[in-house]
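In what follows, a single structure is set out as structure tokens and then discussed.
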Amino acid sequence: MLHKPGFVLSDGTTLDDLIDRDMNEVSMRVMDDAELYHHEMERIFAKTWLLLGHDSEIPKSGDYVVRDMGEDNVIVARARDGQINVSLNVCPHRGMKVCTAEAGNAPIHRCIYHGWAFRPDGSFIGAPIEKEQMHGSKRTKDELGLKKARVHIYGGLIFATWNIEGPSFDEFLGDAKYYLDQLFCRTDSGLELLGPPQRFVLPCNWKIPSEQSASDGFHTLTLHRSLMEGGVMGGTAESIYDNAPGMYGVDVGFEQGHSLRCLEAAQTFKMFSDMSFEGKTLDERLEMLPPPGITKELIPQLHKNLSPAQVEQLATIPPQVGGMFPNVLVAFIFAPRTDGGSSGALALHAYVPRGPHQVEFVNFIFAEKDCPEQMKRDMLQNSIQQTGTSGLIEQDDADTWPQIQRAARGVMSKTQTLKYQAIHGHEKPEGWQGGGYCYPGFTKDDTQWNWWLAYHRLMSADA
Amino acid sequence: MIDRSTASADQSAIVRGLVSKVRVPLGSEIYNRILETLYDEAAALDERRFDDWVAMLAEDLVYTAPIRLTRNGVNKDRDVMRTMMHFDDTYESLLLRTGRLTKSAWAEDPPSRTRRFVTNVRVGELDAPEEYEVISYLYVERSRLSVPENEQTSGERRDVWRNVGGVYKLARREIILDQSTLSMANLAIFL
Ligand code: FES
Ligand SMILES: [Fe+2]
């Protein structure tokens, strides 16, 4: 691994100049600085755990998808032993991309340049004309495999890191695991990705969508005003700033930079708002309003896979949106449908850096593997209509972020700061079972500020 | 069971060109009327006359845009993935979209200036009476705000147009975009 001490930018600017931890302000320069970006690639994207996909994408031996860890292209492949391997998609011979397709099945990956061949686990098989020993004799075959990343599968999600000796995946999740398990590890068969992810590129720095993913609930009220106008969140266009539907709940944040907004579904969405849970048992509540993506039939599985406290949370105030540091948005929501009902939409987004001024938005859409086909169909349609490329909700985000990016180019604009000063402070609600920092009430800046503190921590650690 | 894995190639038949065996020749009355309709549709969308556009849609419309995935070898032509889409709409959901555009839809307020170029139109007769298979190429230039660089997209549209009392209505559209990673920041416009 690389070893570099804390950094100072070439004009003498330090991380503390950019992130003012007394004022809770971040200089807009961070969004438009090539030098800082290179440090981020080394200190964050080459160091921490990154989301690459889901194991349902590559069910068979030899199946692979090609994905990105920062700007490093990798092959995510299932080997003969069933294990998932993540290897750098760069030929150790002369640097050609080994796998030129984006997905497929191949027992052997043969580089098209000179023909060096590799197994799905990245190991080197050999070069053509074996007797001529075209890989020479200075290095053994063991040394000539594709560079391998460390892999962890969590709830079927494929994570990888180049930090072989670094924190375990559990350490990376920390107390967020208790909440994320309620989304990813709640049923016997788990989630299924409903198709390859949607992908599109936005002209903005990766941190603009990523800091929002750290539970920026507040923007919903104004940027996603059309949701209120559609009447789906209770309230009307005229009253949105008075009763602020969906803005109240419990935001939870973690030292690692992850966060989740736990919201009472019945409070958030008008279609459920006349439900009365008074005097109902947990199971009755779950049956009346199962969390997004869950059917009545799957409720017994919740009890089997989760603790009673976790089930209680799912029944009363489930985690619905949030983020995983550094670049993942989690959305397990009820989204409006044309028929007035809701099937739920389960989506994860990875915001993959593409240089200081570009990000690739990768939208993964899920359903529970054991839910009926018709429900999968409905959830797919609901997710596509509300999130990602053409999503009615996220169109507005995709148009906003590039405008922040363009602003960050200006000499004066760069010196402006992003402000995270609406702070609630940690306050554990009575009877709250989960860990982390809790911010009950109106959604504020705490979780996003935690995101920047996590960023600061990684960026100031030795690379 | 639908195979949704990313690694598996799309199992639906590879479609190339017209499925219909009965060609509607270029320059014929029907061909000309359909071509006019496509031009009118492009103008309605470019001019953001969404009520006029909706009036051109059949109520049983299915409107989709599958994703593309780069494949090699034996599967090199199976690069359309219909398990995932950029658009997955019906007449009702398109009404929801056009309805939103009259309210606080910041993605298109202020609106983009767009120019849709529709070419390479091929028409065939379908079994259902008065229904025509219409394939066209689409190229879109989109100017957003004061940004001097336009966003573009290109693709093929596989449509079914239905003659309803002398007026052609769109009954099916599949938009096959050329990019596997879209360069357009959002699809807040119709294709
Ligand atoms: S670069 Fe791959 S074999 Fe030469
Ligand atoms: Fe948003």
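Which condition does residue A:364 not pass, out of (1) facing another protein chain (nearest Cβ under 10 Å); (2) part of a helix (DSSP H, G or I), if it passes all the others?
Checking residue A:364 against (1) facing another protein chain (nearest Cβ under 10 Å); (2) part of a helix (DSSP H, G or I), the one that fails is (2).
Would you confirm whether or not the range B:141-156 contains a residue that is under 20 Å from residue B:47 (Cβ atoms), away from every other protein chain (no Cβ under 13 Å) and surrounded by fewer than 19 Cβ atoms within 10 Å (Cβ to Cβ)?
Taking the range B:141-156 first, the residues under 20 Å from residue B:47 (Cβ atoms) are B:141-145, B:150-153.
The next check asks that each one be away from every other protein chain (no Cβ under 13 Å); those that pass are B:141, B:143.
Among the residues that remain, those that are also surrounded by fewer than 19 Cβ atoms within 10 Å (Cβ to Cβ) are: B:141, B:143.
Within the range B:141-156, one or more residues are under 20 Å from residue B:47 (Cβ atoms), away from every other protein chain (no Cβ under 13 Å) and surrounded by fewer than 19 Cβ atoms within 10 Å (Cβ to Cβ).
Restricting the range A:420-461 to residues that are surrounded by fewer than 18 Cβ atoms within 10 Å (Cβ to Cβ) and among the charged types (D, E, K, R), which is farthest from residue A:8 (Cα to Cα)?
The qualifying residue farthest from residue A:8 (Cα to Cα) is A:430.
In the range A:112-149, what count of residues is obtained for those that are in contact (Cβ under 8 Å) with a residue 24 or more places away in the chain, of a type in the set (Lys, Arg) and more than 14 Å from ligand 1 (Cβ to nearest atom)?
2
Would you check which residues across the range A:71-102 are on the phi > 0 side of the Ramachandran plot and more than 13 Å from ligand 1 (Cβ to nearest atom) and list them?
If the condition is that a residue be on the phi > 0 side of the Ramachandran plot and more than 13 Å from ligand 1 (Cβ to nearest atom), then A:82 is the only one that fits.
State the number of residues belonging to the range A:189-203 that are more than 9 Å from chain B (Cβ to nearest Cβ) and either out of contact with any Leu (no Cβ under 8 Å at 6 or more places or on another chain) or among the aromatic types (Phe, Trp, Tyr) (or both).
Number of matching residues: 2.
Collect the residues in the range A:248-274 that are out of contact with any helix residue (DSSP H, G or I) (no Cβ under 9 Å at 6 or more places or on another chain) and open to solvent by less than 20 Å² (accessible area, probe 1.4 Å), keeping them in residue-number order.
Hits for the range A:248-274 are A:250, A:263, A:268, A:269.
What about residue B:83, is it among the polar types (S, T, N, Q) and within 14 Å of residue B:191 (Cβ to Cβ)? Working first, answer last.
Values: among the polar types (S, T, N, Q): yes; within 14 Å of residue B:191 (Cβ to Cβ): no.
No, not satisfied.
Scan the range B:64-73 and tell me whether some residue there is within 14 Å of chain A (Cβ to nearest Cβ) and closer than 16 Å to residue B:171 by Cα.
yes
State yes or no: is residue A:399 of a type in the set (D, E, K, R), over 16 Å from the mean Cα position of the chain (by Cα) and at the interface with chain B (Cβ under 9 Å from one of its Cβ atoms)?
Considered against the rule, which asks whether it is of a type in the set (D, E, K, R), over 16 Å from the mean Cα position of the chain (by Cα) and at the interface with chain B (Cβ under 9 Å from one of its Cβ atoms), residue A:399 comes out as yes.
Please specify each residue of the range A:276-325 satisfying the condition of being under 23 Å from the mean Cα position of the chain (by Cα), closer than 23 Å to residue A:383 by Cα and not hydrophobic (A, V, I, L, M, F, W, C).
Within the range A:276-325, A:291, A:292, A:293, A:318, A:319, A:320, A:322, A:323 qualify.
List every residue pair whose Cβ atoms sit under 9 Å apart, with the two residues 6 or more apart in sequence or on different chains, where the first one lies in the range A:385-398 and is surrounded by 24 or more Cβ atoms within 10 Å (Cβ to Cβ) and the second, anywhere, is in a helix (DSSP H, G or I) and aromatic (Phe, Trp, Tyr).
The qualifying pairs are A:395/B:106; A:396/B:106.
Are there helices (runs of 4 or more DSSP H) fully within the range A:275-332 with at least 2 residues that are crowded, with 22+ Cβ neighbours inside 10 Å? List them.
Counting at least 2 such residues, we get A:308-316.
Output the residue which, of all residues in the range B:54-72 that are over 21 Å from residue B:91 (Cβ atoms) and part of a strand (DSSP E or B), is least open to solvent (accessible area, probe 1.4 Å). Outline the logic, then answer.
Restricting attention to the range B:54-72, the residues satisfying the condition of being over 21 Å from residue B:91 (Cβ atoms) are B:67-72.
Still in the running and part of a strand (DSSP E or B): B:67-68.
Numbers: B:67: 5, B:68: 38 Å².
Restricting to residues being over 21 Å from residue B:91 (Cβ atoms) and part of a strand (DSSP E or B), the top hit is B:67.
Tell me, yes or no, whether the range A:50-61 has at least one residue that is closer than 25 Å to residue A:453 by Cβ and within 23 Å of the chain's Cα centre (by Cα).
Yes: the range A:50-61 contains one or more residues that are closer than 25 Å to residue A:453 by Cβ and within 23 Å of the chain's Cα centre (by Cα).
Do we find that residue B:108 is more than 7 Å from every other protein chain (Cβ to nearest Cβ) and over 14 Å from the mean Cα position of the chain (by Cα) in this structure?
Yes: the conditions hold for residue B:108.
Tell me the strands (runs of 3 or more DSSP E) entirely within the range A:3-94 that contain at least 3 residues that are over 20 Å from residue A:415 (Cα atoms), open to solvent by less than 50 Å² (accessible area, probe 1.4 Å) and touching a residue at least 12 places away in the same chain (Cβ under 8 Å).
Filter on the range A:3-94 gives A:50-54, A:63-69, A:72-78, A:84-88.
Quick one: how many residues across the range A:190-225 are open to solvent by less than 10 Å² (accessible area, probe 1.4 Å), within 12 Å of ligand 2 (Cβ to nearest atom), in contact (Cβ under 8 Å) with a residue 60 or more places away in the chain and not in a loop (DSSP other than H, G, I, E, B)?
The number of residues fulfilling the criteria is 3.
Please count how many residues of the range A:184-218 are under 16 Å from the mean Cα position of the chain (by Cα) and basic (Lys, Arg).
Within the range A:184-218, residues that are under 16 Å from the mean Cα position of the chain (by Cα) and basic (Lys, Arg) number 2.
Answer yes or no as to whether residue B:118 is more than 7 Å from every other protein chain (Cβ to nearest Cβ), within 26 Å of residue A:337 (Cα to Cα), within 18 Å of the chain's Cα centre (by Cα) and of a type outside the set (Ser, Thr, Tyr).
No: the conditions fail for residue B:118.
Taking only pairs six or more apart or across chains, which ones have beta-carbon atoms under 7 Å, a first residue in the range B:1-24 that is exposed (fewer than 12 other Cβ atoms within 10 Å of the Cβ), and a second residue that is assigned to a loop (DSSP other than H, G, I, E, B) and among the charged types (D, E, K, R)?
Here the result reads B:11/B:3; B:14/B:77; B:14/B:78, each pair linking the range B:1-24 to a residue that is assigned to a loop (DSSP other than H, G, I, E, B) and among the charged types (D, E, K, R).
Taking the range B:32-53, which residues are open to solvent by 20 Å² or more (accessible area, probe 1.4 Å) and outside any loop (DSSP other than H, G, I, E, B)? Walk me through how you get there before you give the answer.
Quick first cut of the range B:32-53, residues open to solvent by 20 Å² or more (accessible area, probe 1.4 Å) only: B:32-33, B:35-36, B:39-40, B:43, B:46-52.
Answer for the range B:32-53, where residues must be open to solvent by 20 Å² or more (accessible area, probe 1.4 Å) and outside any loop (DSSP other than H, G, I, E, B): B:32, B:33, B:35, B:36, B:39, B:40, B:43, B:46, B:50, B:51, B:52.
Given the structure, is residue A:187 surrounded by 17 or more Cβ atoms within 10 Å (Cβ to Cβ) and more than 16 Å from ligand 2 (Cβ to nearest atom)?
Considered against the rule, which asks whether it is surrounded by 17 or more Cβ atoms within 10 Å (Cβ to Cβ) and more than 16 Å from ligand 2 (Cβ to nearest atom), residue A:187 comes out as yes.
Tally the residues that are in a loop (DSSP other than H, G, I, E, B) and either within 16 Å of ligand 2 (Cβ to nearest atom) or among the basic types (Lys, Arg) (or both), restricting the search to the range A:95-114.
The total comes to 1.
The values are calculated or read from the model by the stated rules, or taken from the named source; none is laboratory data. From a predicted model like this one, the values you see are computed outputs, not experimental measurements. Note: ideal-geometry Cβ built from the backbone for every residue, glycine included; neighbour counts use all protein chains shown. Surface areas here come from the heavy atoms of the whole protein model, side chains and all, with no ligands, DNA or RNA. Shrake-Rupley method; radii C 1.70, N 1.55, O 1.52, S 1.80 Å.
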